[in-house]
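First comes the structure, then the notes that go with it.
The values are calculated or read from the model by the stated rules, or taken from the named source; none is laboratory data. As the structure is a computational prediction, the values presented were derived from the model and not from experiment. Reconstructed Cβ throughout: ideal geometry from the backbone, glycine too, with neighbour counts over all protein chains shown. In case anyone asks, the SASA skips ligands and DNA or RNA and just uses the protein heavy atoms, side chains included. Shrake-Rupley method; radii C 1.70, N 1.55, O 1.52, S 1.80 Å.
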Amino acid sequence: MSKVSPPQPDIKSLIDDYLRRHHPDICRHWFHEITVASVAGGCVSLRVPERVHRQYLQRSCMAAFTEAAQAATGKLVAVRFVGDVDEAPARALSQTSTPSAPSELDEQLVLSPDYTFESFVVGPGNRLVHAAAIAVGSNPGRAYNPLFIHGGVGLGKTHMLQSICQVILKQRPQSRIGYVSCQSFSEIFMACVKAGRMQDFRHRFRNLDMLVVDDIHFLSKREQSQEEFFHTFNSLYQAGKQIVLSSDASPNDIPDLEERLVSRFNCGLVARMDRPCYETRVAILKSKAVLVGADVPEEICSYIAARIDTNIRELEGCLTKVRCFALANDRAIDLDLAKEALADNSLGISSSAQPSIQTIAEAVTRYYDIRLSDLLSKRRHKSISVPRQMCMWLARKHTRYSLEEIGGYFGGRDHTTVLHAVRNIGQRKDTDPDIANAVNRIEGVFARPSSR
Ligand code: ADP
Ligand code: MG
């Protein structure tokens, strides 16, 4: 048995520093809650009170923490993450040993600490889903059953599902929650059929307080799985247990789904998630920056939000790219850096051949020889207000943004201002040769294939 040395507080800050420098992608703002439980027998034990945090660390951060702990101590140490009760024993542990064997539920319930209600930004596109999820989280089995969330890729369905699981687990830690993807449901089912262990399967899925299945549209065409899911659903539903499902389409639009399942899925609340508007996208980026403890100026969030308007995962990807680029080059995050970091990011010209709002703003500022910050400012001088109106008119014509979104982008103006701008330029382009010329020249820029 080796000697236990007292906790060494500065190891933690060394580890933090190291992780921030070398593994910024895994860093989270709650890392400061982690404390050193002990340093003993070649092992640094870190105390992490929240179970979901611990699971995240064990699953995704073991190697980075080990590397950081080795750099911090200058020794070939291992790392362990322990809970509040799980006191670190003063025994040497090999890197491969897992702390406290997880229960069956733990294994199944892989939740991301990033996906909570706290980190979810509410906007017009997801307000209904969010309200319904909150209601289900505080009143499972009684608010809406089933809750069926549908919407496009990367709009936050999984985030919502996991948020519900996490609040329920927080309020009622003993709840038996089954959270699976539809594929795993099918795979577990097929494996149990093959092994003749259907009893186990039913035991596992029918003795739950809540069943959450992500991407249920994968049941499409899988007849056997549909059959089994139908019985699972009924058995839980009749027992008053909560069921939450997500899908890329509404129940009626999932191809090859048995009619009886369609009607079950429709019998609670079906809530759709829509694309986030510009303001929501900016707010999401800010919240992601806070989550990873990064200092990202507002204008960078606006810049990225204006380029990516479809998928929140891509939005986050751009933020990560900018942060990593700044770290790698040891530079502060500013607009020039963001432009460089995202220069090869063709996502800017989002999905279609439409120019992005950013492209429009750049073309207009170049034509009138003014600065972007002038466009976004409160200045009302004609030399600025005409180009700004031009931007609004072009954005209305060439992008799918709403008046509100366009106003939001160009300095937080309201939709009546945008409407006025659109009308003004619309009329003047037919009567005022200066405006007509500007329109031609600027639109010519978009038409060029190389336009960014
Ligand atoms: P889906 O399951 O609909 O494909 P996800 O739930 O995986 O989408 O979301 C993709 C990413 O976008 C996740 O990192 C998630 O945290 C983030 N995200 C989506 N919507 C929001 C929101 N409203 N607020 C904060 N983050 C969001
Ligand atoms: Mg998902």
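In terms of its alpha-carbon gyration tensor, the range 222-312 comes out prolate; a/c meets the 1.5 threshold, and the first ratio a/b outweighs b/c. By the equivalent-ellipsoid construction on the alpha carbon gyration tensor, the range 357-447 comes out with semi-axes of 17, 14, 13 Å, ordered largest to smallest. Scanning residues 5 or more positions from Val212 or on other chains, those with amide H under 5 Å from its amide H are Gly178, Tyr179, Val180, Val244, with H placed 1.01 Å from N in the peptide plane. Here Lys194 is the anchor, and the lysines within straight C-alpha reach of less than 23 Å, apart from those fewer than 8 places off in the same chain, are Lys221. Computed on the Cα trace of the range 115-193, the radius of gyration divided by the Kirkwood hydrodynamic radius gives Rg/Rh = 1.00. Calculated on C-alpha atoms, the gyration radius of the chain divided by its Kirkwood radius gives an Rg/Rh of 1.05.
Between helix 9-22 and the chain there is an angle of about 50 degrees, using the helix long axis and the longest principal axis of the Cα atoms. If I fit a long axis through the Cα atoms of helix 182-194 and take the longest principal axis of the Cα atoms of the chain, what angle between them do I get, 0 to 90°, rounded to 10? In the chain, helix 182-194 runs at an angle near 30 degrees to the longest axis.
Protein heavy-atom surface of the range 278-341, 1.4 angstrom probe: 50% of the accessible area is carbon and sulfur, with nucleic acids and ligands not counted. Computed from phi, the 3J(HN,Hα) profile of the range 67-72 under the Karplus parametrisation 6.51, -1.76, 1.60 (θ = phi - 60°) reads 4, 5, 5, 5, 5, 5 Hz, with x in place of Gly and Pro. Annotation: amide H of Val79 within the under-5 Å range of Val44, sequence separation 5 or more or interchain, hydrogens built in the peptide plane.
Here the dipole of the chain is about 460 debye; that uses its Cα centre as origin and unit charges on the Cβ of Lys and Arg (positive) and Asp and Glu (negative). Taking the chain as the reference, fit the longest principal axis to its C-alpha atoms, fit the long axis of helix 382-398 to the helix C-alpha atoms, and give the angle between the two in degrees, 0 to 90, nearest 10. Roughly 60 degrees between the two axes. Computed over the alpha carbons of the range 162-250, Rg followed by Dmax gives 13.0, 38 Å.
Using a probe of 1.4 Å, the accessible surface attributed to Tyr401 totals some 20 Å² when neighbouring protein chains are kept in position. Simple point charges give the picture: +1 on the Cβ of Lys and Arg, -1 on the Cβ of Asp and Glu, and for the range 104-273 a dipole about the Cα centre of about 480 debye. For the listed peptides 214-222, 147-155, 408-416, a ranking on the average number of other beta carbons within 10 Å per residue, highest first, reads 147-155, 214-222, 408-416.
Within the assembled protein chains, the solvent-accessible surface assigned to Asp209 is about 50 Å², based on a 1.4 Å probe. Among the listed pairs Lys286/Lys339; Lys382/Lys429; Lys288/Lys382; Lys170/Lys241, those with a Cα-Cα distance over 27 Å are Lys288/Lys382. Could you give me D for the range 9-82, from Stokes-Einstein at 25 °C and 0.890 mPa s, where the hydrodynamic radius is the Kirkwood radius over C-alpha pairs? Units µm² s⁻¹, please. Using the Kirkwood radius from Cα pairs, D works out to 205 µm²/s. For Lys378, the aspartates and glutamates whose Cα comes closer than 19 Å to its Cα, not counting residues fewer than 8 places off in the same chain, are Glu279, Glu298, Glu299, Glu362, Asp369, Glu404, Glu405, Asp414.
Across the range 122-139, rounded Karplus estimates of 3J(HN,Hα) from the backbone phi angles (6.51 cos²θ - 1.76 cosθ + 1.60, θ = phi - 60°) give 8, x, x, x, 10, 4, 5, 4, 4, 4, 5, 5, 4, 4, 5, x, 8, 9 Hz, Gly and Pro being marked x.
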